[in-house]
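In what follows, a single structure is set out as structure tokens and then discussed.
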Amino acid sequence: MTSSGAHGSDALFQPHRGAVRGAVYGLAAAMLFGISAPVSKMLLSDLPPLLLAALLYLGAGVALLVVTPFAPREKRNEAPLRRSDLPLLAGIVLTGGILGPYLMLVGLQRVSGLAGSLLLNLEAPFTMIVALLFFGEHLARREALAGALIVGGGLTLAWMPGEFNAHWVGALSIAGACLSWALDNNWTQRLALKDPFAVVRIKTLGAGICSLVLALALGQWITSIRATAAALVVGVFSYGISILLDAYALRHVGAAREAAFFATAPFIGAVVAIPLLHERPTSLEVTGMLAMAAGVAALLRVRHTHFHTHEAMEHEHVHVHDDHHDHPHEADAGVGERHSHIHTHAPFIHDHPHVSDAHHRHHH
């Protein structure tokens, strides 16, 4: 079966529509998360890193618990999590929810808020490298060069005058956080067709509770009610809503390209840091910012298209009955009704712009 255009009405099988949605979700997630870096640096004066990380994720998790029952019905018809998903969920909680935030906050204690925000750009190339080497995604040569620009900008930021040892500890801590989030992004993408609310709820609550237990065991106690309340509010928006939007972006465009959209987050954080923390960018920081901006712009402009084959596959995700979802079914679901169950896709060949979502993992 072949086609020259997108097949089906579901956004998962309309790459143009899905790519636009992925871009919107990714950029919105980046905006919300970008604000958190300079705000978190301010909160570190009243809260130690591990306790602050716990409060950020607890705020996110509790908010998701409250709003999930009120989500639109089509959002509640998603594919459920299975026992086989537990290893991925454990890895997501450990790397993305516990290790990554802790390393970021440790790093922010040792570098300026502006430099810390910009160093978070390393998450994008790290995510791309992991996606390409281990998860079967693809990037064109121009996209790889754009990623190299972002890495170069990050290295420029790491070479700044100041306290050498303290600065490098901070830079390496933030780089470690970015690597942790790169693993988190790719593992989350493997669950992209499952219920995003469920995935993010488990991640935020699991990370928040574990980090809080560790913080209390280390003698880190809440000493400022105002800072605690602020951390919980930041967690709702910059972690809860942001991570949820990012999960939808991963579904629609894959981890490598999601990283390009999310790479705008550090720029937002850097801009906020200037008036909020009264910091002025140095010439090296401006150089790094320009290199990273050029890399992000190049990544956003690339379009990937060629004839490709959708191999036969069996999996589970929310869908409607369309040209590509013409299968028998035990439950009585209407043609236009979104529902989820295990189903099989027949082989399909066509040519259109696409990205490395769950249905476009093929050889090049």
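Listing for the model above:
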read-out	value
From P15, P38, residue being in contact with a strand residue (DSSP E or B) (Cβ under 9 Å, 6 or more places away or on another chain) and modelled with pLDDT under 90	P15
Pairs, first touching a residue at least 24 places away in the same chain (Cβ under 8 Å) in the range 125-138, second of a type in the set (K, R) and assigned to a helix (DSSP H, G or I), C-beta under 8 Å, six or more apart	F135/R190
Count of residues meeting criterion [touching a helix residue (DSSP H, G or I) at 6+ places or on another chain (Cβ under 8 Å) and either among the aliphatic types (A, V, I, L, M) or within 20 Å of L43 (Cα to Cα) (or both)] in the range 281-296	8
Residues that are in a helix (DSSP H, G or I), more than 23 Å from I35 (Cβ to Cβ) and β-branched (V, I, T), drawn from the range 200-239	I202, I209, V213
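The values are calculated or read from the model by the stated rules, or taken from the named source; none is laboratory data. None of these values were measured; they are calculated from a predicted model. Here the Cβ is made from the backbone with ideal geometry for all residues, glycine too, and neighbour counts use every protein chain on show.
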